[in-house]
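A quick write-up on the structure given underneath.
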Amino acid sequence: MYEKFIVNRSNWALDDWLNWQENLNPNQIDLSLDRIKEVKEKIRFNQPEIDIYLVAGTNGKGTTVHLLNSILCLKGLNVGTYTSPHLKKYNERVTYNNKPLEDTDFIDSFIEIENVRGDVPLTYFEYGTLAAFLSLNRFSCDAWIIEVGLGGRLDATNILNPNVSIITNIALDHQEWLGNTVNEIASEKAGIISSNAPCVCGALNTGEIIGEIANRENTDFYLIGDDFSLSNGVNGSVWSSKSKTIEKIRIPNHWAQGEKNNLAIALMSIEACNSDLLPNTEALNQLLGSFSIPGRFQIFDYRIPWILDVAHNPNAAINLRERLGTIELTDKNIMIVSLMKDKDLEEFVSLFEDIVAKWVVCTMNTPRSLSGDEISKRLSEKGLFDVTVLNDPDEAFEYIETINHNYNAVIVTGSFEIVGPCIHWHENKK
């Protein structure tokens, strides 16, 4: 079997593997742990005996992962991370000490999986998740920080037994797979809670439900507002838990409440795992002074400011709108927007109507994307008529160059699938 496999795929590049994986399972989303557990057992994967942080939630997962990673690296730990989706290159999904893995790291893991997979139809995400864990296992990590893909209970990342389970927040999203109420969604996401491992929760609206699940799992439960908080102090912000305090924290100027909550959650998670790793005020402020994440309120100055943010549901849009309020914006801005079919387009755009004078819409390069024509039709039904439809993101970006002298800023949002191409477009313009 191994020799036959090598003959068939020995010269495959990373993109060849990824394209092939997309067609291995006909369902792009097929929530189940059965397939990945079966292959995990065949490959004899054992998770390392290190600290593992597993991060779920509707929004803020990526920011929480980046904050945890930055703090732990600052303390001198060797840290592996796994996040999804990626903005520009697949390699971004797995990092070791802030460096994306090489193509060969992934390919070696893909070969290892394929040699035992048999006819198990792993999804694209399941294949990538198992490969990420195999790849990180080859490095001398002190900690892993793993972002849940979708939900929690049946997500591929839930084959791990974390040292800390983290739930950032709960809002309506992915109802087709997770349930139609925040309580149902909370129950699905709380499926990552592991017996005897603490759970840190930033979801006040469903804290009681998640706390009950944590209690059934016999684990310590820390809820934002009750057990820890980030509040305004005399000389900056103050993070505090029942036993620790960090004062005089300088919060970045363009942060909204979401980012503040993510910081509070990250610090509580570190305390719950190993309080000796909490940073002092000086170290934390140094970190926050240069903290940024690609695609999260990322600003390019190209003739006029371009503000890029991967907000992709109404809850994230609320946070983006708050962040936009921290800078001087008039009501004469352009928004390039496209969303997935399962998102609430009308509620999303309603949050920006007061600052957007022109809408530019397009179809993203994914079958899950709303079409530009459909977005335009629905915006018109809302009474928003200054809408231009382009075929794809690149056409939308190029179109802006012909009209941007009439506007103050360009806001690009709605999905990783439009922000990622925009970052690539800007980098090519340099």
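The values are calculated or read from the model by the stated rules, or taken from the named source; none is laboratory data. Only a predicted model underlies this, so the values are computations on that prediction, with no experimental measurement involved. Here the Cβ is made from the backbone with ideal geometry for all residues, glycine too, and neighbour counts use every protein chain on show.
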List pairs: first residue in the stretch 191-202 and at positive phi, second residue surrounded by fewer than 24 Cβ atoms within 10 Å (Cβ to Cβ) and not in a strand (DSSP E or B) anywhere in the structure, Cβ distance under 9 angstrom, at least six positions apart or on different chains. Asn196/Glu217; Asn196/Asn218; Asn196/Thr219; Asn196/Asp220
Which condition number in (1) outside the structural domain of Ser237 (by TED's automatic domain parsing); (2) in contact with a helix residue (DSSP H, G or I) (Cβ under 6 Å, 6 or more places away or on another chain) is the one that Pro305 fails? (2)
Being of a type in the set (Val, Ile, Thr) and touching a Ser or Thr at 6+ places or on another chain (Cβ under 9 Å) is true for just one of Ile224, Ile209. Which residue is that? Ile209
Among Asn158, Asn196, Asn180, which is the only one that is of a type outside the set (A, V, I, L, M), closer than 22 Å to Leu267 by Cα and either modelled with pLDDT under 95 or in contact with a strand residue (DSSP E or B) (Cβ under 9 Å, 6 or more places away or on another chain) (or both)? Asn196
Among the listed residues Gly76, Gly128, Gly118, identify the single one that is closer than 23 Å to Ala272 by Cα and in the same structural domain as Asn261 (by TED's automatic domain parsing). Gly76
Going by the conditions given, is Asp227 in contact with a His (Cβ under 9 Å, 6 or more places away or on another chain) and surrounded by 15 or more Cβ atoms within 10 Å (Cβ to Cβ)? no
Cβ pairs under 9 Å, 6+ apart, first in the stretch 209-223 and free of Cβ contacts under 8 Å to residues at least 24 places away in the same chain and in the same structural domain as Ala171 (by TED's automatic domain parsing), second assigned to a helix (DSSP H, G or I) and polar (S, T, N, Q): Phe221/Asn215
Ile251 being among the β-branched types (Val, Ile, Thr), in the same structural domain as Val164 (by TED's automatic domain parsing) and not in a loop (DSSP other than H, G, I, E, B): no
Which of the residues spanning the stretch 280-306 are within 19 Å of Glu247 (Cα to Cα) and not polar (S, T, N, Q)? Glu282, Ala283, Leu284, Leu287, Leu288, Gly289, Phe291
Please tell me if Leu33 is in contact with a Leu (Cβ under 9 Å, 6 or more places away or on another chain), surrounded by 14 or more Cβ atoms within 10 Å (Cβ to Cβ), under 30 Å from Gln257 (Cβ atoms) and hydrophobic (A, V, I, L, M, F, W, C). no
Of (1) touching a residue at least 12 places away in the same chain (Cβ under 8 Å); (2) within 25 Å of Lys88 (Cβ to Cβ), Leu351 fails just (2)
Conditions (1) surrounded by fewer than 16 Cβ atoms within 10 Å (Cβ to Cβ); (2) outside the structural domain of His174 (by TED's automatic domain parsing); (3) over 13 Å from Ala409 (Cβ atoms): number failed by Thr330: (3)
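What residue, of Ser135, Ser194, is in contact with a Pro (Cβ under 9 Å, 6 or more places away or on another chain), under 21 Å from Leu33 (Cα atoms) and not assigned by TED's automatic domain parsing to the domain that holds Ala317? Can you show your working first?
Details: Ser135 fails: in contact with a Pro (Cβ under 9 Å, 6 or more places away or on another chain).
Only one candidate qualifies: Ser194.
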Where residues in the stretch 97-120 are out of contact with any helix residue (DSSP H, G or I) (no Cβ under 7 Å at 6 or more places or on another chain) and in contact (Cβ under 8 Å) with a residue 24 or more places away in the chain, which of them is surrounded by the fewest Cβ atoms within 10 Å (Cβ to Cβ)? Gly118
Please specify each residue of the stretch 148-172 satisfying the condition of being of a type outside the set (S, T, N, Q), crowded, with 23+ Cβ neighbours inside 10 Å and either in contact with a Ser or Thr (Cβ under 7 Å, 6 or more places away or on another chain) or not assigned by TED's automatic domain parsing to the domain that holds Thr58 (or both). Val148, Gly149, Ala156, Pro162, Val164, Ile166, Ile170
So Ser140, is it more than 30 Å from Lys99 (Cβ to Cβ) and out of contact with any His (no Cβ under 9 Å at 6 or more places or on another chain): no
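Condition check ((1) touching a Lys or Arg at 6+ places or on another chain (Cβ under 8 Å); (2) under 30 Å from Ser415 (Cα atoms)) across all residues:
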site	(1), (2)
Leu223	no, yes
Ser231	no, no
Trp239	no, no
Thr245	no, no
Pro252	no, yes
Ile265	no, yes
Met268	no, yes
Pro279	yes, no
Ser290	no, yes
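Matching residues to (1) surrounded by 13 or more Cβ atoms within 10 Å (Cβ to Cβ); (2) touching a helix residue (DSSP H, G or I) at 6+ places or on another chain (Cβ under 8 Å):
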site: Glu217; (1), (2): yes, no
site: Asp220; (1), (2): yes, yes
site: Asn235; (1), (2): no, no
site: Ser241; (1), (2): yes, yes
site: Glu247; (1), (2): yes, yes
site: Pro252; (1), (2): yes, yes
site: Ile265; (1), (2): yes, yes
site: Cys273; (1), (2): yes, no
site: Leu287; (1), (2): yes, yes
